[in-house]
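What follows draws every value from the coordinates through simple rules; no lab data is involved. Small disclaimer: the values here were computed from a predicted structure and weren't measured. Note: ideal-geometry Cβ built from the backbone for every residue, glycine included; neighbour counts use all protein chains shown.
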Amino acid sequence: MSDHVVTLTQAERARVKVNLRPKDAATVLIIDRSAKTPRVLMGKRHPGHKFMPGKFVFPGGRIDPEDRRMTATGALGQICENRLMARTQRPSPMKARALALAAIRETFEETGLLFGSSELGTPEKPPAGSWAGFASHGIFPDLSAITFVARAVTPPRRPKRFDTRFFAIDYGALAGKVEGVTGPDSELIELVWVTFADAQKLDLPTITQVILKEVDARLSAGFAPYLPVPYYWEKNGHFVREEL
């Protein structure tokens, strides 16, 4: 049993009677590799939130129906698409694409950062809401810039359950930024750039600690596309680590 599996299994968790079906979600590690030591962007959740108040997390959230309808440039790497479709009910390239777009949209909503390309003009007829706001800056989300790096399912009988796909994107893929999105009244009250080692010193959810270590190891190994993607889920009270 790996150290990561032990860490997740031993973490204290409140359990409830009703076992919810996990909701599909996506989150993204924004990595700056411009210096010798890579840094990752972490956001501090509002202390008033019922879910993980005050914790440092990656930008992310649930997939929306609009994520299936947004126009994008580029394409997911085939190996990423295949892995996103593995171990899922009703797998499809459309769902894999939507998960990656959800990560880009949630990042825009929570941080104001727009990852994509400004060389193609303004997307036509974007879905209403956040994607319309994204498109208004003359930027297409770029699927070729994003990499699937991990997956984790919240254990049974937790108050909220997610089947979360973790993506990584290089800060160099940034095409625009909206100021003033984070603040004292926002979902994320502050953003910090930290090394992977310093990130472990923040107040983190247990799964975030583990994913940071997994992605740090992936970077050290060269971040090649063929490197396996870890998949964490709980079976009979103990976490399991598979590779996709």
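Report the per residue volume, in Å³, of the convex hull enclosing the C-alpha atoms of segment 93-132. All intermediate terms of the calculation are to be shown ahead of the outcome.
Details: hull volume 3.5 nm³, N = 40.
Looking at segment 93-132, the number lands at 87 Å³ per residue.
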* Asked: So which of Lys17/Lys213; Lys23/Lys55; Lys125/Lys160; Lys44/Lys95 end up more than 27 Å apart, counting from Cα to Cα?
  -> Lys17/Lys213; Lys125/Lys160; Lys44/Lys95
* **Globularity index of segment 194-244, i.e. its alpha-carbon radius of gyration over 2.2 N^0.38 Å** => 1.28
* For the chain: Kirkwood Rh in Å [reciprocal of mean 1/r, alpha carbons] -> 18.4
* For the chain, modelled as a Gaussian network with Cα springs under 10 Å, which listed residue fluctuates most, Pro65, Pro38, Pro126? -> Pro65
* To do: Beta carbons within 10 angstrom, averaged per residue: use that to sort the peptides 82-93, 107-118, highest first.
  => 107-118, 82-93
* **Tensor-based shape of segment 25-96 (alpha-carbon gyration tensor, a/c under 1.5 rounded, otherwise prolate or oblate)** => oblate
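Which net charge results for the neighbourhood of Thr111, defined as the other residues with beta-carbon distances under 13 angstrom from its beta-carbon, given Lys and Arg at +1 and Asp and Glu at -1?
Working: positive: Lys44, Arg45, Arg105, Lys177; negative: Glu106, Glu109, Glu110, Glu179, Glu187, Glu190.
Computed value for this residue: -2.
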* **Equivalent ellipsoid, segment 139-186 (semi-axes from 5 times Cα gyration tensor eigenvalues, Å)** => 27, 20, 8
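Taking a ≥ b ≥ c as the square roots of the Cα gyration tensor eigenvalues, with a/c under 1.5 meaning rounded and otherwise prolate when a/b beats b/c, else oblate, which class fits segment 95-196? Could the numbers behind the result be given before it?
Numbers: a/c = 1.59, a/b = 1.36, b/c = 1.17.
Verdict is prolate for segment 95-196.
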* In whole Hz, with x marking every Gly and Pro, tabulate ³J(HN,Hα) for segment 227-242 from phi via Karplus 6.51 cos²θ - 1.76 cosθ + 1.60, θ = phi - 60°. => 4, x, 9, x, 10, 10, 7, 9, 9, 6, x, 10, 6, 10, 10, 10
* Is the shape of segment 157-244 rounded, prolate or oblate, going by the alpha carbon gyration tensor and its root eigenvalues a ≥ b ≥ c, with a/c under 1.5 for rounded and a/b larger than b/c for prolate? -> oblate
* Per the Kirkwood formula on distinct C-alpha pairs, the Rh of segment 1-137 is how many angstrom? -> 17.5
